[in-house]
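What follows is a set of notes on a single structure, which appears directly below.
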Amino acid sequence: MKHGTFLRQHPVFTARDLATHLASRGAVGPRTREAFLAYYRKTSRLARIRRGLYAVVSPGDDPQSEPINPYLIAARLTEDALLSHHTALEYHGRAHSVWQHFVYSASQPLRPVTFQSHLFRGVKFPRPLLGCGNQFHSTLESEEEGLAIRVTSLERTLVDVLHRPDLAGGWEEVWRSLESIEYFDLDVVVAYALMVENATTAAKVGFFLEQHRTELMVDECYLDRLRRHRPRQPHYMDRARRRPGRLVPEWNLLVPDDVLARSWEEVS
């Protein structure tokens, strides 16, 4: 099979990947790409994830049901896709619960994509990072089935899930997941928290670190740096869902009662 090497090396590929492969064989133009896709879809060797994104199916398997690596899909939905939030926790083996939807960050994320039983949701990189071209700060490069992917570090993930708990399953899932991690490079955590340029996020990171200062060996200097960037007036810890809570004056945060009381432990 003249395209066998390409299919083996690209279990999930984009239209650009395919164009590069065909050009290397001296074949260019949309008709060549269309003929390739038509042939391999007709022979059930390809599953269409969305326009311009395809997965390779093993010979004899059903394109509709053969499991496709969801991390590869999320990592290739856009050119700059970065596994983040709850998906990063799962990739690092630190998520408390397993999700059926996957989160990635990108400069121009797509609308949600559904494929097989998975939902893929994109979120825009924090604006300050995009502004200075530093959107891949504190990220790691990994490999899945021979293809390179990007994923946020545990330090960046900590800040991201506190910044957007809705992309990580809510406060209980965030707390339980982060508490399974024994070590963070606190210099990286604080530096990234301040790069996001969000006073509420700086306060949430400070509050979390203070709550776990013994376990994570948090020196007062880290908390001081974050305190200097806390909100000037009380802010809800989750401004999208303004639930009743208690003011923690040190951070000017209105913290939900269940987070302060760790109410989930009562039913563990």
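With every protein chain present, what is the per residue accessible area of segment 33-92 (1.4 Å probe, Å²)? Numbers along the way, then the final one.
Working: 2700 Å² over 60 residues.
Roughly 45 Å² per residue, with all protein chains present.
What list of ³J(HN,Hα) values in whole Hz, one per residue of segment 154-161 in order, does the Karplus curve 6.51 cos²θ - 1.76 cosθ + 1.60 (θ = phi - 60°) give from phi, with Gly and Pro shown as x?
4, 5, 5, 4, 3, 5, 4, 6
So how strong a dipole does segment 22-62 carry about its Cα centre when Lys and Arg Cβ are +1 and Asp and Glu Cβ are -1, to the nearest 20 debye?
200
Looking at (1) 46, 24, 15; (2) 42, 19, 15; (3) 25, 23, 20, which value of semi-axes √(5λ) of the Cα gyration tensor in Å comes from a calculation on the structure shown?
(2)
Rounded to the nearest whole Å², what accessible area per residue is found for segment 126-227 with the 1.4 Å probe?
Ligands and nucleic acids excluded, the result is 41 Å² per residue.
Of all accessible surface on segment 123-184 at a 1.4 Å probe, what whole percent is carbon and sulfur?
The nonpolar share, carbon plus sulfur, comes to 46 percent.
For a quick check: with amide H placed at 1.01 Å from N, whose amide H comes under 5 Å from Ser44's, ignoring anything fewer than 5 positions away on the same chain?
none
Sequence-distant or interchain residues sharing an amide H contact under 5 Å with Glu144, placed H: which?
Answer set, sorted by chain and number: Ile149.
Apply the Karplus curve 6.51 cos²θ - 1.76 cosθ + 1.60, θ = phi - 60°, to the phi angles in segment 38-47 and return the couplings in whole Hz, x for Gly and Pro.
These are the phi-based 3J(HN,Hα) values: 4, 5, 6, 6, 5, 8, 6, 9, 10, 10 Hz.
Tell me, what is the Rg over Rh of segment 1-51, with Rh the Kirkwood radius over Cα pairs? It would help to have the intermediate numbers written out before the result.
Working: Rg = 10.3 Å, Rh = 11.3 Å.
A ratio of 0.91.
Considering only protein heavy atoms, what is the solvent-accessible area of Thr114 at a probe of 1.4 Å, reported in Å² to the nearest 10?
100
For His96, list long-range residues whose amide hydrogen, built 1.01 Å from N in the peptide plane, is under 5 Å from its own amide hydrogen.
Answer set, sorted by chain and number: Ser177.
The values are calculated or read from the model by the stated rules, or taken from the named source; none is laboratory data. All values reported here derive from a predicted model rather than from experimental measurement. Because the Cβ atoms are built from the backbone with ideal geometry, glycine has one as well, and the counts that use them run over all protein chains shown. The accessibility values were calculated without ligands, DNA or RNA, using every heavy atom of the protein model including side chains. Shrake-Rupley method; radii C 1.70, N 1.55, O 1.52, S 1.80 Å.
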